[in-house]
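The structure appears right after this line, and notes come after that.
The values are calculated or read from the model by the stated rules, or taken from the named source; none is laboratory data. Because the structure is predicted, anything quoted here is derived from the model rather than measured. In this analysis, Cβ positions are derived from the backbone assuming ideal geometry, glycine residues included, and neighbour counts consider all displayed protein chains. Side chains are part of the model used for accessible areas, which takes the heavy atoms of the whole protein and leaves out ligands, DNA and RNA. Shrake-Rupley method; radii C 1.70, N 1.55, O 1.52, S 1.80 Å.
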Amino acid sequence: MVTKTKNLNKINGRDPPKIGVYICWCGINIGGVVDVPKLCDYARTLPNVVLASEYKFMCSDIGQGMIMEDIKAGKINRVVVSACSPRMHEETFRRACEEGGLNKFLFEQANIREHCTWVTMHDVPGATRIAKDHIRMAVAKVGALKPLEVTTVKVEPSTLIVGAGIAGINAALDLANSGYKVYLVDKSPTVGGHMAHLDKTFPTMDCSSCITTPKMSEVARNPNIELMTYSEVISLDGYVGNFKVRIEKYPHYIDQNICTGCGHCTDICPVECANEFDLGMKPRKAIYLSFPQAVPGEYTIDMKHCIRCGICQETCPTAAVRYDDKPEYVDITVGTIILATGYDPYDATRMGQYGYGRIKNVINALQMERLLSSYGPTEGKVKRPSDLKEPESIVWVQCVGSREFTGKGRKYCSRVCCMYATKQARSYKEKHPNTQCFIFYIDLRAFGKGYEEFYNDTAKNYGIKFIRGRVAELLEAGNGNVIVRAEDTTLQRPVELEVDMVVLSVGLEPRSDIDDIARIFNVTASKTEDGFLMEAHPKLRPVDTLTAGIFVAGNVVGPKDIPDTVAQAKAAASSASTLMSRGEVEIIPYYSTVLSHKCAGCKSCISLCPFNAITFNEIEKVAEINDILCKGCGTCVADCPSKAIIQNHFDDIQILPMIATAIPKKPQAEEVEVE
Amino acid sequence: MSNDDLKFALFLGCVIPNRYPYIERATRAVFDKFKIQLVDMKGASCCPAPGVFRGFDIDTWLVIGARNITIAEELGLDIALMCNGCYGSLLEVNHTLKYDKEKRRMVNEHLAKIGREYKGTVEIRHVVDIMYNDIGPEKIRNKTKYGRKKPLNLKLAIHYGCHLTKPSEIRPWAKESENPTFFDELMEISGCKSLNYKDKFMCCGAGGGVRGAFKEISLDYTREKLENISTANADAIITSCPFCHLQFDLGQVEVNNIFKDKISAPFNIPVLYFTQLIGLAMGMTPEELGLIRSPDLKGVPPFTPVKPIITKIGETA
């Protein structure tokens with residue numbers, strides 16, 4: 001345990017540089033490829049290097065101790081550690097410098113693992129040359145570094161949570177119960193998200209809505225939570241601790257404060273349109289409540305379908321109908337943000353061979369959930385769409401849109417489909433023991449707590465047939481039945497079945513508007529190849545993004561089931577409250593500064609800044625940069641025609657020596673161009 | 001674009017000149033009506049067949065295919081062809097050579113020996129593609145409107161054939177290979193109805209060298225297709241490929257013999273190449289379209305009699 005000492009500032013940035021170079025073996029990662037003692041000998045020959053040491057693991061307490069002792073002994077006033085990527089250990093070594101009494105920004109890390117020995121491991125002379133280049137460049141830069149001071153900003157004790165599914169609800173309740181103000185925003189008129197659609201949950205066979213609805217009403221009752229349903233975040237400004245958020249509240253066309261939710265209007269509305277809550281399997285009126293337990297329980301008019309006949313206006317006992325309702329804009333300031341925007345089910349029409357949308361009795365699994373649900377379109381009595389017959393045989397087709405490498409679907413496993421198909425089949429079989437249920441799968445993935453037991457029990461005791469083989473195609477037979485063709489890979493023979501209905505176990509996809517979400521919240525850099533948002537570190541920072549103060553939870557980062565989603569939501573709430581309870585946050589001072597005597601006032605940097613950090617001083621006629629808003633991207637520095645902007649830690653006088661030393665000197669005489 | 005500008009190099013392939021010259025005759029007659037010029041390709045050889053040649057040696061397949069394409073390049077015309085096999089071969093040879101520099105270098109090394117060079121300047125077009133995308137359903141509808149007193153009223157079993165739609169990435173059907181409708185749309189202009197029969201997109205059985213190597217297996221496929229087609233009660237089978245055409249036409253006679261015990265009744269479903277049907281819809285005579293052999297001309301009539309069709313449209317005409 002090291003005791004925290006305040007920055008002693010013993011070393012002045014103007015002292016002549018005395019550089020210490022520390023080369024790490026990283027076990028055999030580096031030491032197994034290049035000769036580390038020889039690299040030390042090389043480092044000692046470089047200008048201003050006063051000492052060079054090596055150690056098996058520089059990141060260990062002993063390794064850090066070496067640096068601290070040398071600083072304390074006054075031997076060195078700048079540090080180069082030649083080891084792994086700075087993304088791994090920059091903070092570790094900076095802290096060691098600080099403990100030793102050196103400004104932590106007088107440190108530079110040369111990455112000779114990821115950038116050298118890992119990629120050049122079979123070429124020892126080549127790797128040695130590259131390692132020398134990296135060390136030489138780091139030494140060149142560290143000599144020109146300047147001491148910087150960390151800035152701290154206040155953190156507002158409030159959180160914006162985007163998405164009010166089970167992730168958003170849980171995070172909101174945790175934060176609200178710890179005393180923070182929470183703004184819970186959702187695009188749809190009700191909270192609950194996808195979990196409200198589901199019939200039961202695996203492996204406990206709990207009724208999904210029975211465990212969701214109490215949480216939903218708790219959210220509505222909690223005084224610390226401001227519920228903003230039917231709303232959308234349209235812009236975000238500011239920085240960690242002080243995010244300025246603009247929210248558009250869509251017009252409900254019904255005064256939400258007066259509506260009592262009596263439902264007279266719905267009974268009398270003459271317009272019927274598709275019900276998105278039941279995935280189009282049941283009509284709803286143009287004036288509607290998403291589902292009986294919806295929170296909040298006030299009605300909404302769907303103006304895309306409303307014909308403005310005026311009947312609801314005449315009928316409404318509290319005169320709450322407002323045809324001239326307008327969108328409302330709300331500006332709030334929050335300290336932290338949690339993105340819990342969830343997923344979209346895979347659109348199975350893209351897999352032409354399964355005929356979804358073409359063959360009537362091929363439905364997707366979310367539709368099956370609604371059919372099984374007691375408040376679904378058929379009140380829990382499963383009926384097939386073509387003739388409302390109760391199906392006597394059902395096939396579940398697994399991996400629709402998942403584990404798909406042809407470009408029509410997603411490459412990843414969606415993690416929930418094996419279990420929900422097993423659950424749906426079991427649920428159906430419980431009510432209809434004389435029916436036939438088949439599940440066609442590639443691999444059955446039952447990895448969670450109690451999942452394997454659930455699958456085993458279902459297969460053994462419920463007579464559900466699991467057939468190993470991906471379904472090739474589905475065809476429509478004359479009587480509305482569906483012909484399923486597949487290969488049974490266990491028996492190694494093709495199978496053809498004619499069944500009453502087919503359920504496609506569709507995978508989970510990033511939301512169709514994920515790019516807008518990423519853009520608005522400035523997390524565009526944090527997207528993985530699969531289209532989901534990227535966590536700051538897949539293992540150690542699973543709910544952080546690379547933008548400070550913005551956290552993620554649930555399916556917005558990748559497919560996961562309810563327990564994992566809730567765990568992430570609670571983790572995100574805890575991470576957000578850590579920031580808020582401390583009350584202030586440190587910001588790395590990589591911001592840029594305008595040299596006002598050089599600035600010509602051309603304003604070209606202002607339009608380029610992606611963070612709106614630059615303003616124009618009308619009195620002095622020069623640009624000014626807000627050092628907290630500035631993220632240090634360097635765009636303005638590169639653009640400035642008068643070279644009037646300098647960026648901390650990445651100044652020309654720091655970068656150019658690196659380039660100069662990286663390029664071999666003494667070019668051949670004939671290669672020198674004479675101007 | 002006016003159709004007057006349309007001019008193509010006509011690639012015949014092997015099956016049409018040797019087995020079904022009437023497919024060429026019908027196509028030329030119909031294209032004439034739309035004022036589309038078809039120029040002969042002197043010295044054109046076998047495409048070569050995708051199943052047989054590509055299956056054994058890809059480089060040979062590429063070189064022979066490229067040689068055929070260079071003939072059209074000399075003419076400065078895109079290739080029009082009437083066979084799915086030729087379409088598959090030449091389209092894929094052309095695509096490979098346009099994007100694979102290594103293969104292109106290899107092919108040109110070989111072609112240099114006979115003084116030729118593949119340049120990649122022409123496109124490969126199936127006549128279905130030309131009719132659907134260049135001429136367009138609207139123009140064909142106008143031509144058929146006044147061609148006959150009454151529209152044709154047949155129930156058609158349309159057979160797309162494998163190479164027409166797959167692989168879909170490089171074909172002009174908006175990446176639709178699972179449930180395409182363009183051929184049905186084109187045929188229904190005639191007033192006929194395209195039937196939805198079981199396994200409509202199944203192979204005819206002939207392709208991939210299967211007919212050459214395992215005739216009985218290939219005909220077993222054909223039997224299954226024919227059974228599905230007769231269950232749907234089709235008046236005629238429509239093809240876009242002479243090899244599929246052969247497999248349904250001559251194949252019916254063969255199936256009736258080989259699978260005598262397996263089938264309930266001998267098949268007798270007339271098989272038409274699609275330009276013949278369009279020709280009929282435009283009011284051309286069966287003789288002009290090669291459906292009936294005119295006494296003064298050489299050539300082979302269909303193996304499966306088309307008389308039922310001619311009588312039927314005779315009644316409705």
Quick one: accessible area per residue over chain B, 1.4 Å probe, rounded to a whole number of Å²? 45
Give the ranking of A:72, A:603, A:104, A:304 by solvent-accessible surface, highest area first, calculated with a 1.4 Å probe. A:304, A:72, A:603, A:104
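Given R₀ = 25 Å, what would the calculated FRET efficiency be for residue B:257 paired with residue B:300, taking r from the Cβ atoms and rounding to 0.05? Write down the numbers at each step before the final one.
Working: r = 19 Å, r/R0 = 0.76.
That gives a FRET efficiency of 0.85.
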Test of understanding: extend the Cα→C-beta vector of residue B:169 to 7 Å, then name every residue of the stretch A:376-406 with backbone N under 15 Å from that spot. A:405-406
Report relative contact order for chain B in percent, whole number only (criteria: Cα-Cα under 8 Å, sequence separation at least 6). 20
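To check you understand DSSP bridge types, tell me what percent of the beta bridges within the protein assembly as shown (both residues inside) are antiparallel, rounded to 5. Spell out each step's value before the answer.
Values: 52 of 120 bridges.
The antiparallel proportion sits near 45 percent.
Taking the Cα centre of the stretch A:344-509 as origin, work out the dipole magnitude from +1 charges on Lys and Arg Cβ and -1 charges on Asp and Glu Cβ, in debye rounded to 20. Write down the numbers at each step before the final one.
Numbers: 25 positive and 21 negative charges, 55 e Å.
It comes to approximately 260 debye.
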Give me the accessible area of residue B:61, 1.4 Å probe, in Å² rounded to the nearest 10. 10
Please work out the Kirkwood hydrodynamic radius for the stretch A:127-259, using every pair of different C-alpha atoms, and report it in angstroms with one decimal place. 18.6
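Residues of A:459-471, mean number of Cβ from any other protein chain within 10 Å of their own Cβ, rounded to a whole number?
On the way: counts 0, 0, 0, 0, 0, 0, 0, 0, 0, 0, 0, 0, 0.
Whole-number average of other-chain Cβ neighbours for A:459-471 is 0.
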What accessible surface, in Å², does a 1.4 Å probe find on residue A:646, ignoring ligands, DNA and RNA and rounding to the nearest 10? 50
Report the full-extension gain for the segment residue B:265 to residue B:99: residue separation times 0.36 nm, less the Cα-Cα distance, to one decimal in nm. 54.7 nm
Cα-projected label distance for residue A:307 with residue A:604, points at 7 Å along beta-carbon direction, nm: 6.0
Suppose every Lys and Arg Cβ carries +1 and every Asp and Glu Cβ carries -1, with no other charges. What dipole size does the stretch A:519-675 come out with about its Cα centre, to the nearest 20 debye? 400
Given labels modelled 7 Å from the Cα in the Cβ direction, how far is it in nm from residue B:123 to residue A:150? 6.3
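Taking both sides together, what accessible area is buried at the B/A interface, probe 1.4 Å, expressed in Å² and rounded to the nearest 100? Walk me through the numbers before you get to the answer.
On the way: alone 14500 and 31290 Å², together 45290 Å².
When B and A are taken together, about 500 Å² of accessible area is lost.
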Quick one: helix B:21-33 against the long Cα principal axis of chain B, what's the angle to the nearest 10°, folded into 0 to 90? 90
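Normalised by the residues of the stretch A:370-442, what does the relative contact order come to in percent, with Cα pairs under 8 Å and at least six apart? The partial results should precede the final answer.
Numbers: 89 pairs, mean separation 21.9, N = 73.
In percent, rounded to a whole number, it is 30.
I need to check one value: relative contact order of chain A, counting alpha carbon pairs closer than 8 Å and at least 6 residues apart, in percent.
On the way: 1412 pairs, mean separation 84.2, N = 675.
Taking the mean separation of contacting Cα pairs over the length of chain A, I get 12 percent.
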Return the ratio Rg/(2.2 N^0.38 Å) for the stretch A:592-647, where Rg is computed over Cα atoms only. 0.95
With labels modelled as points extended 7 Å from the Cα through the Cβ direction, what inter-label distance (nm, one decimal) is found for residue A:45 paired with residue B:285? 9.9
Could you tell me the accessible area of residue A:88 in Å² (1.4 Å probe, neighbours in place), rounded to the nearest ten? 100
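Round to a whole number: what % of the accessible area of the protein assembly as shown belongs to carbon and sulfur, probe 1.4 Å? Provide the component values of the computation, followed by the final result.
Values: 23860 of 45290 Å².
Carbon with sulfur: 53 percent of the solvent-accessible area.
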Can you tell me the dipole magnitude for the stretch B:23-174 around its Cα centre, using point charges on the Cβ only (Lys, Arg +1; Asp, Glu -1), in Debye to the nearest 20? 940
Wrap a convex hull around the Cα atoms of the stretch A:251-326, take a quarter of its surface area, and give that in square nanometres. 4.7
So the angle from the long Cα axis of helix A:652-662 to the longest Cα principal axis of chain A, reported in degrees to the nearest 10, equals 80
Compute the long axis of helix A:61-72 from its Cα atoms, compare it with the longest principal axis of the Cα atoms of chain A, and write down the angle in degrees, 0 to 90, nearest 10. 40
Estimated FRET transfer efficiency when R0 is 35 angstrom, pair residue B:58-residue A:119 (beta carbons, to 0.05): 0.50
Working from the alpha-carbon coordinates of chain A, get Rg over Rh, Rh being the Kirkwood radius. 1.06
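Can you give the FRET efficiency for residue A:472 and residue A:635, using 1/(1 + (r/R0)^6), R0 = 51 Å, r = Cβ-Cβ distance, to the nearest 0.05? Each step should come with its number before you reach the end.
Values: r = 51 Å, r/R0 = 1.01.
With R0 = 51 Å, the Cβ-Cβ based efficiency is 0.50.
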